[in-house]
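See below for the structure under consideration.
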Amino acid sequence: MRIAEKGKLAATGLIIGAAAVVLTLLGNPGNMGFCIACFLRDTAGAMHLHTAPIVEYVRPEIIGIILGSFVLSVLSGDFRPRGGSSPVLRFLIGFIVMIGALVFLGCPLRMVIRLGGGDLNALVALLGFIAGIGVGCIFLSNGFTLGKAEKQTRLEGTVTPFLTILLFVLFLAVPSLFLFSESGPGSMHAPVFASLLAGLIVGAASQRTRLCMAGGIRDIFLVKDFTLISGFIAIFVAVLVGNLITGSFSLGFDNQPVSHPMHVWNFLGMFTVGLGSVMLGGCPLRQLILAGEGSSDSAMAVLGMIVGSAFAHNFSLASSANVGPGINGKVSVIGGIVILLAIALIVTLKERRK
């Protein structure tokens with residue numbers, strides 16, 4: 001049974017990795033063929049939520065992921081609307097996770113994609129990600145939980161997919177409502193329907209296999225289970241092979257696409273993402289999948305990420321390519337880690353007193 005599950009996860013990872021390579025060839029930024037944090041940030045910019053002109057575009061991949069998960073969960077009977085467990089805390093943690101991701105310049109998925117492209121800065125970030133997950137697992141082992149989700153109405157569960165469809169319709173029918181970058185990463189994108197199709201496939205495959213970038217490492221720490229990590233590894237292999245075939249592989253720390261070589265902040269940025277993802281119960285990709293399945297808790301986390309991305313660019317918290325974070329970004333990451341640790345400690349102590 002475990003072998004079959006690992007096979008499905010590996011196949012999903014290969015699909016995601018191949019999608020990242022193909023989307024890059026079709027126009028997405030280098031080493032950013034598929035990045036949840038970057039795509040949420042670009043979409044927030046397109047919706048006038050932040051004022052950074054180089055990262056504004058409604059990313060169809062995000063729309064596809066949510067709808068792919070929604071459709072397959074309905075067809076498979078996995079669509080079970082639920083939520084109500086610490087929604088404000090989930091919003092706040094999602095917000096902080098996004099700050100960490102934008103200091104590193106990517107989500108866990110992009111971290112693996114950058115590794116597959118030869119960006120060694122992502123290796124430093126991977127160490128931070130693992131460390132953050134490890135700290136999160138200490139709290140999980142001692143009882144940390146954000147509470148049990150309660151059953152909700154189907155109407156509640158369909159709000160996120162409906163808003164996603166509405167966004168896509170408006171994007172196609174009334175593009176003047178949105179902002180579009182004329183230069184920078186936001187101006188670089190694959191054709192709309194190729195991006196949407198890739199998102200649908202990734203969303204459906206990830207929903208079926210429950211792939212999670214943080215979950216694989218978490219399971220190794222907690223129960224010595226290496227099943228989920230197979231998807232993580234397969235993404236790396238697919239991207240690496242794709243980049244070698246296309247001649248896009250470039251090994252090193254310097255001059256990597258939309259990257260910076262400030263190792264301390266790459267480490268701490270992804271430490272924040274790893275810790276926050278464990279507290280939320282899944283990485284940014286997993287939160288999108290769960291939102292598509294009807295989880296309002298995950299929808300709140302995603303909303304926190306969107307607002308976090310807007311806040312990061314409006315208040316100069318995000319890193320700049322080749323430069324890294326400024327003082328605002330550095331302070332925000334340290335502050336975010338302190339807040340996450342405080343939440344984890346308070347909740348854990350409360351649970352242990354029960």
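The values are calculated or read from the model by the stated rules, or taken from the named source; none is laboratory data. Just so it is clear, the structure is predicted and the values come from calculations on it, not from any experiment. Methodologically, a virtual Cβ is constructed for each residue, glycine included, from the backbone with ideal geometry; neighbour enumeration extends over all protein chains shown. Quick note on the areas: whole protein, heavy atoms, side chains included, nothing else; ligands and nucleic acids left out. Shrake-Rupley method; radii C 1.70, N 1.55, O 1.52, S 1.80 Å.
Does the range 184-253 classify as rounded, prolate or oblate by the C-alpha gyration tensor (a ≥ b ≥ c root eigenvalues; a/c under 1.5 gives rounded; else a/b over b/c gives prolate, otherwise oblate)? Oblate, since a/c reaches 1.5 and b/c is not below a/b.
Dividing the mean sequence gap of close Cα pairs (under 8 Å, 6+ apart) by how many residues the chain holds gives a relative contact order of 37 percent.
What does the charge add up to near ALA194, with Lys and Arg as +1, Asp and Glu as -1, over the other residues with Cβ less than 14 Å from its Cβ?
Working: positive: ARG59; negative: GLU61.
Charge balance in the 14 Å sphere: 0.
Out of these labelled values of semi-axes √(5λ) of the Cα gyration tensor in Å, (i) 26, 24, 22; (ii) 35, 27, 20; (iii) 38, 27, 18, which was calculated from the coordinates shown here? Recomputing semi-axes √(5λ) of the Cα gyration tensor in Å here gives the entry labelled (i).
Report the gain in length on full extension from ARG154 to VAL88: 0.36 nm times residue separation, minus Cα-Cα distance, nm rounded to one decimal.
Working: separation 66, 0.36 × 66 = 23.76 nm, distance 2.15 nm.
Extra length from ARG154 to VAL88 when fully extended: 21.6 nm.
For a 4.7 Å threshold on C-beta separation, the list of partnerless cysteines in the chain reads CYS107, CYS137, CYS212, CYS283.
With θ taken as phi - 60° and the Karplus curve 6.51 cos²θ - 1.76 cosθ + 1.60 applied, the whole-hertz 3J(HN,Hα) list for the range 46-57 is 4, 8, 6, 7, 9, 10, 8, x, 8, 9, 9, 5 Hz, x standing for glycine and proline.
Could you look at the chain and say what percent of its accessible area is carbon and sulfur, using a 1.4 Å probe and all protein chains? Please list the in-between numbers first.
Working: 9950 of 14010 Å².
Percent of accessible area from carbon and sulfur atoms in the chain: 71.
Most tightly packed first, judged by the mean number of other beta-carbon atoms within 10 Å of their residues, the peptides 208-217, 144-153 read 208-217, 144-153.
LEU317 sits among other residues whose Cβ lies under 14 Å from its own Cβ, and their net charge, with Lys and Arg +1 and Asp and Glu -1, is +2. Compute the normalised compactness of the range 219-283: alpha-carbon radius of gyration over 2.2 N^0.38 Å, N being the residue count. The range 219-283 yields a ratio of 1.41.
Taking each pair of different alpha-carbon atoms in the range 258-303 once, compute 1/r for the pair, average those values, and report the inverse of that mean as the Kirkwood hydrodynamic radius in Å to one decimal. Could you put the intermediate results ahead of the total?
On the way: mean 1/r = 0.0863 Å⁻¹.
About 11.6 Å for the range 258-303.
Mind running the shape call on the range 48-117? Use the C-alpha gyration tensor, a ≥ b ≥ c as the square roots of the eigenvalues: rounded below 1.5 for a/c, prolate if a/b tops b/c, oblate otherwise.
Numbers: a/c = 1.72, a/b = 1.38, b/c = 1.25.
It comes out prolate by the Cα gyration axes.
Taken about its Cα centre, the chain carries a charge dipole of roughly 1040 debye when the Cβ of each Lys and Arg holds +1 and the Cβ of each Asp and Glu holds -1. Summing +1 for each Lys or Arg and -1 for each Asp or Glu among the other residues whose beta-carbon sits under 11 angstrom from that of LEU9 gives +4.
Listed values for the range 231-246 are Karplus-derived 3J(HN,Hα) couplings in whole Hz (6.51 cos²θ - 1.76 cosθ + 1.60, θ = phi - 60°), namely x, 4, 5, 5, 4, 4, 4, 4, 5, 4, 4, x, 5, 5, 5, 8, and x replaces Gly and Pro.
Reducing the range 285-354 and the range 208-241 to their Cα centroids gives an inter-centroid distance of 22 Å. The GNM of the chain, with springs linking C-alpha atoms under 10 angstrom apart, assigns the highest mean-square fluctuation among PHE193, PHE253, PHE271 to PHE193.
Dividing the summed -39500 (n - 2.57) terms of all DSSP H runs of n ≥ 4 by the residue count of the chain sets its mean residue ellipticity at 222 nm at -23000 deg cm²/dmol.
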